[in-house]
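The block underneath contains the structure these notes are about, expressed in structure tokens.
The values are calculated or read from the model by the stated rules, or taken from the named source; none is laboratory data. Remember, predicted model here, so these are calculated numbers, not experimental data. For neighbour counting, all protein chains shown are included, and Cβ atoms are generated from backbone atoms with ideal geometry for every residue, glycine included. The area values use the complete protein model at the heavy-atom level, side chains included, leaving out ligands, DNA and RNA. Shrake-Rupley method; radii C 1.70, N 1.55, O 1.52, S 1.80 Å.
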Amino acid sequence: MKTNLGAMELSELEEYFESIGEKKYRARQVFQWIYRGIDSFDEMSDIPATLREKLKESAEISALKVLDCKISQTDGTRKYLFELPDGNMIESVFMKYKFGNSICISSQAGCRMGCVFCASGKNGLSRNLSAGEMAGQILEVQKNAQEKINHIVVMGTGEPFDNYENVSAFMRIVNHEHGLNIGMRNITVSTCGIVPRIKSFANDFPQANLAVSLHAPNDAMRKKIMPIANKYPYDELISACKAYTEKTGRRITFEYTLIAGQNDDGQYADELAAKLQDILCHVNLIPMNPVSELSLAPSAREKAVQFMKRLRKKGIATTIRRELGQDIEAACGQLRLSKFSSLSPCSTQCEHGIIR
């Protein structure tokens with residue numbers, strides 16, 4: 001089996017090149033070429049031809065294959081379906097904002113968290129993604145959209161903290177000056193609430209952003225919609241979040257999906273505000289996106305506005321998320337691989353077709 005250089009950090013690449021009898025500086029050259037988005041060793045023009053041939057025999061740059069790209073007719077959001085080398089499929093979403101271009105990437109093929117309102121993990125977890133497969137989503141989207149990405153959200157399919165080591169390696173790679181050189185403050189990682197990893201994240205990445213999927217004002221309600229709450233009780237999660245903000249000085253974002261008749265009454269806004277009163281935070285309200293396989297319904301816009309006003313009145317900074325790409329099922333909870341893969345290519349294809 002060939003060695004996948006695309007999954008390595010620079011220090012690992014240096015060790016690899018020394019192991020095959022080459023100088024360490026060649027590792028930096030190859031690392032830079034990989035994150036310029038090249039597809040083959042032949043494109044590495046400052047690498048000797050003999051070394052390029054040597055690498056072809058023992059190594060590979062594992063590129064993702066783009067199976068489909070859909071473009072929203074309302075806001076230009078692009079949703080990509082990728083095939084991994086082993087046949088698994090993942091999705092990424094490219095979004096344009098006034099502050100720059102952002103990408104929401106997947107960290108796992110599938111998800112085992114089982115949140116009741118989310119279609120992303122409907123078929124369970126297949127496997128973790130490597131650091132290279134996560135970075136590859138960014139490289140392929142940049143080539144396809146012909147635009148540079150400067151903000152990363154690890155909030156697609158999968159629970160990032162369930163794949164912590166690979167997500168950590170990915171963050172170091174894209175942050176590296178010879179990688180994509182994206183600042184830690186432009187990287188956000190979301191978790192459904194794996195408490196030990198929140199503590200690790202505060203130590204390992206104090207400059208990055210953390211988002212926590214809360215979705216309920218109390219333990220009893222959270223256990224009904226998020227199985228992870230059975231392992232990490234509400235108060236334990238809130239305590240870990242408070243400790244995170246105190247250690248890093250960074251504001252934490254609490255994601256709260258509004259489900260009609262479940263968690264969207266005003267009394268729950270008051271209860272939530274009381275729980276978050278002493279935490280440096282921001283609440284991001286998300287009216288649940290329609291998911292045809294689920295019986296749950298999204299809250300009405302007016303209900304979301306009322307909920308927001310209740311929280312703000314209690315001193316909690318709150319916004320309602322601007323939803324992008326709903327017409328291509330690109331928004332949160334709509335990453336449904338089985339259905340998306342059966343759809344025909346969009347009529348408005350990406351500029352270079354369905355890739356290379």
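For the stretch 1-127, the spread of Cα coordinates along the three principal axes comes to 53, 34, 24 Å, biggest extent given first. Please go through the stretch 185-235 and write out the trypsin sites (Lys or Arg not before Pro) that DSSP classes as loop and that have at most 12 other C-beta atoms within 10 Å. For trypsin sites (Lys or Arg not before Pro) across the stretch 185-235 that sit outside H, G, I, E and B with at most 12 neighbouring Cβ atoms in 10 Å, the list reads LYS231. Between the Cα long axis of helix 164-175 and the first principal axis of the chain there is an angle of about 70°, rounded to the nearest 10. Between THR74 and THR50, the FRET efficiency estimated from the beta carbon spacing at R0 = 45 angstrom works out to 0.30. Model label sites at ASP235 and HIS282, defined 7 Å from Cα along the beta-carbon direction, differ in position by 3.0 nm. Once the 1.4 Å probe is applied to the protein heavy atoms, the stretch 150-285 comes out at 36 Å² accessible per residue.
Starting from the Cα of ASP204, step 7 Å toward the Cβ, then list every residue of the stretch 229-249 with an amide N under 11 Å from that point. Within reach of a label on ASP204: no residues. Approximating the spin labels as points 7 Å out from Cα along Cα→Cβ, the ARG127-to-LYS2 distance works out to 1.7 nm. The angle separating the long axis of helix 10-19 from the principal Cα axis of greatest extent in the chain is about 30 degrees.
Taking the inverse of the mean 1/r over every pair of distinct Cα atoms in the stretch 223-294 gives a Kirkwood hydrodynamic radius of 13.7 Å. Pop out the carbon and sulfur fraction of the accessible area of the stretch 1-106 as a percent, whole number, probe 1.4 Å. Roughly 48 percent, rounded to a whole number. Computed from Cα positions, the angle between helix 131-145 and the longest principal axis of the chain comes to roughly 90 degrees. Which residues among the stretch 258-285 fall inside the zone where the amide N is under 18 Å from a point 7 Å beyond the Cα of GLU246, along Cα→Cβ? Answer for the stretch 258-285: 275-282.
Going toward the positive end of the dipole of the stretch 183-330, with +1 on Lys and Arg Cβ and -1 on Asp and Glu Cβ, which of ASN186, GLN207, GLY266 do you reach last? The residue sitting farthest along the positive end of the dipole is GLN207. Dividing the radius of gyration of the alpha carbons in the chain by their Kirkwood radius gives 0.99 for Rg/Rh. Dividing the summed helix terms, -39500 (n - 2.57) for each DSSP H run of n ≥ 4, by the number of residues in the chain produces a 222 nm estimate of -10000 deg cm²/dmol to the nearest 500.
Taking 0.36 nm per residue of separation and subtracting the Cα-Cα distance, full extension of the segment from PHE99 to GLU83 would add 2.8 nm.
Inverting the pair-averaged 1/r between distinct Cα atoms of the stretch 193-238 gives 11.3 Å as its Kirkwood hydrodynamic radius.
With an 8 Å cut-off on Cα pairs and a minimum separation of 6 or more residues, tell me the relative contact order of the chain in percent. After rounding, I find 17 percent. Restricting the trypsin sites (Lys or Arg not before Pro) of the stretch 48-151 to loop positions (DSSP other than H, G, I, E, B) with no more than 16 neighbouring Cβ atoms within 10 Å leaves LYS98, ARG112, LYS148.
Gain on full extension, evaluated as 0.36 nm per residue between ALA274 and GLU12 minus their Cα-Cα distance, stands at 89.6 nm.
For the stretch 125-181, the list of GluC sites (Glu not before Pro) that fall in a loop by DSSP and count at most 15 other C-beta atoms within 10 angstrom reads GLU147, GLU177. In the calculated pair-distance distribution of the stretch 177-324, the portion above 26 angstrom amounts to 26 percent of the Cα-Cα pairs.
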